[in-house]
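Single-structure report; data block below.
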Amino acid sequence: MSDLDKTILIDPANCKADFGKCPVCGQALEPDWDQPDALRCPACRYVKKQEIVIAPGHIIGSKYRVLSLFNSGGCGNLYMCHPLTDASVRYVLKVLKKSNNVSQKRFRREATLLASIEHNERIAKIVDYWESHNDTFIVMEYIKGKNLSQLKQEYTFDEEVTLKIAKEAAIALQYIWENYSIIHRDIKPENIMLDESFHLKLLDFGLSKQCSNSSMSDMITMDRSCLGTPGYMSPEQFKDFKNADFRTDIFSLGATMFFLLTGQKPFRGTTLEDIYQETMNNAPPPPEKFNGTCSPECIRLISKMMQFDPASRHSSYGELLDEIDMLRK
């Protein structure tokens, strides 16, 4: 049974919620669309703050009904929900678990960055976000599919498929860089999803940075342990994260291609220090690590993407895409 099938089905004709009665005049309370955590009486204008409760059947933000817990991770929970105006639509509600101030700022930044990006078919779309009681809520499109790490457990990725995925991801990264000066900073298999039609979606902008507004971003990212995912991080994310630009995403995309072709991270170790040393001493991974999984030309492409010095990598996404297209001919 699919995740969508497991959700609680609610008849659209019965999706109007009962928010209770006004304690002043007895009129039925209604959502206050200007204050997502409040209810308002249409008669006497009494305002009642709502307690935020996240469980199946509860109303969140006066706009969405929670259907089920969708996924739970170390940083937050994902819930399936639908808008009160249309019970046939499915969205994902993303809620940060109780955390420190830095995590809240990153979560808030993810919401504002995604909200600033005009809808793009290769980037997970944000539908809504708001803050209440010092918490931030993000509502996103529901993507029925699997990320590359999950797919790697089921399929063998050959060179042609890997290059196709890399091209789609590079187009998405080119879009956010050239139009919004945004770098993702956490490109890895888990953050690239393919939907059921094998269309690519770029996920999780929690560590992203808008280079045109770097002062706030640098302040938030002083916690070095959360600047990316070891094994896919570029050398500059370890040692010079403030000055990293789009070429750090090119490095991580190359590391993701390596994983798809070999089933292994390019840099491994039992501790963060081990992975740090591997990255600093062995970027890019030597050809023998590919174990004959792709052509010498593809190895040279990935090696260029993963050069230790950013200046030795591709100078633009246009250059990278041209090289990928040359290999795919």
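When both residues are 6+ apart or on different chains and their Cβ atoms are under 6 Å apart, which pairs have a first residue that lies in segment 227-238 and is in contact (Cβ under 8 Å) with a residue 12 or more places away in the chain and more than 16 Å from Phe205 (Cβ to Cβ), and a second that is of a type in the set (Phe, Trp, Tyr) and buried (at least 20 other Cβ atoms within 10 Å of the Cβ)?
Hits for this filter: Gly231/Phe267; Ser234/Phe251.
Go through (1) within 13 Å of Met257 (Cα to Cα); (2) in a strand (DSSP E or B) for Lys201 and report which single condition fails.
(1)
Given the conditions (1) surrounded by fewer than 17 Cβ atoms within 10 Å (Cβ to Cβ); (2) more than 27 Å from Phe107 (Cα to Cα); (3) modelled with pLDDT under 95; (4) polar (S, T, N, Q), and given that Ser316 satisfies all but one, which numbered condition is not satisfied?
Here Ser316 clears every test but (3).
With respect to Ser315, is the statement that it is assigned to a loop (DSSP other than H, G, I, E, B), among the small types (Gly, Ala, Ser) and closer than 26 Å to Phe205 by Cβ true?
Yes; evaluated as a whole, the condition is true for this residue.
State all residues of segment 283-306 that are in contact with a His (Cβ under 9 Å, 6 or more places away or on another chain) and either modelled with pLDDT under 95 or surrounded by fewer than 21 Cβ atoms within 10 Å (Cβ to Cβ) (or both); if no residue qualifies, say none.
Lys304, the sole residue that qualifies.
Sort out for me the strands (runs of 3 or more DSSP E) sitting completely within segment 52-163 that have 3 or more residues that are crowded, with 18+ Cβ neighbours inside 10 Å.
Strands (runs of 3 or more DSSP E) meeting the threshold: 64-72, 76-83, 91-96, 126-132, 135-141.
If Tyr175 satisfies all but one of (1) under 13 Å from the mean Cα position of the chain (by Cα); (2) closer than 22 Å to Leu320 by Cβ; (3) without any contact (Cβ under 8 Å) to a residue 60 or more places away in the chain, what's the number of the condition it fails?
The one condition Tyr175 does not meet is (1).
Residue pairs, Cβ under 9 Å, 6 or more apart or interchain, first in segment 48-67 and more than 16 Å from Val89 (Cα to Cα) and assigned by TED's automatic domain parsing to the domain that holds Val95, second basic (Lys, Arg) and at pLDDT below 85. List them.
Pairs found: Lys48/Arg40.
Looking for whichever is touching a residue at least 12 places away in the same chain (Cβ under 8 Å), touching a Ser or Thr at 6+ places or on another chain (Cβ under 6 Å), within 30 Å of Gln264 (Cβ to Cβ) and charged (D, E, K, R) here; the options are Lys201, Lys209, Lys146, Lys167. Which one fits?
Exactly one of Lys201, Lys209, Lys146, Lys167 is touching a residue at least 12 places away in the same chain (Cβ under 8 Å), touching a Ser or Thr at 6+ places or on another chain (Cβ under 6 Å), within 30 Å of Gln264 (Cβ to Cβ) and charged (D, E, K, R), namely Lys209.
Just one of (1) assigned to a helix (DSSP H, G or I); (2) farther than 21 Å from Ile183 by Cβ; (3) within 23 Å of the chain's Cα centre (by Cα) trips up Asp325, so point out which.
Status for Asp325: all satisfied but (3).
Filter segment 270-302 for residues that are without any contact (Cβ under 8 Å) to a residue 24 or more places away in the chain and either in contact with a helix residue (DSSP H, G or I) (Cβ under 8 Å, 6 or more places away or on another chain) or outside the structural domain of Lys188 (by TED's automatic domain parsing) (or both) and give the result.
Listed by number, the residues that qualify are Pro287, Pro296, Ile299.
Just one of Phe251, Phe267 is crowded, with 21+ Cβ neighbours inside 10 Å, at negative phi and modelled with pLDDT of 95 or more; which is it?
Phe251
The values are calculated or read from the model by the stated rules, or taken from the named source; none is laboratory data. Quick caveat, the model's predicted, so the values are computed rather than measured. With ideal geometry, Cβ positions are generated from the backbone for all residues, glycine too; neighbour counts draw on all protein chains shown.
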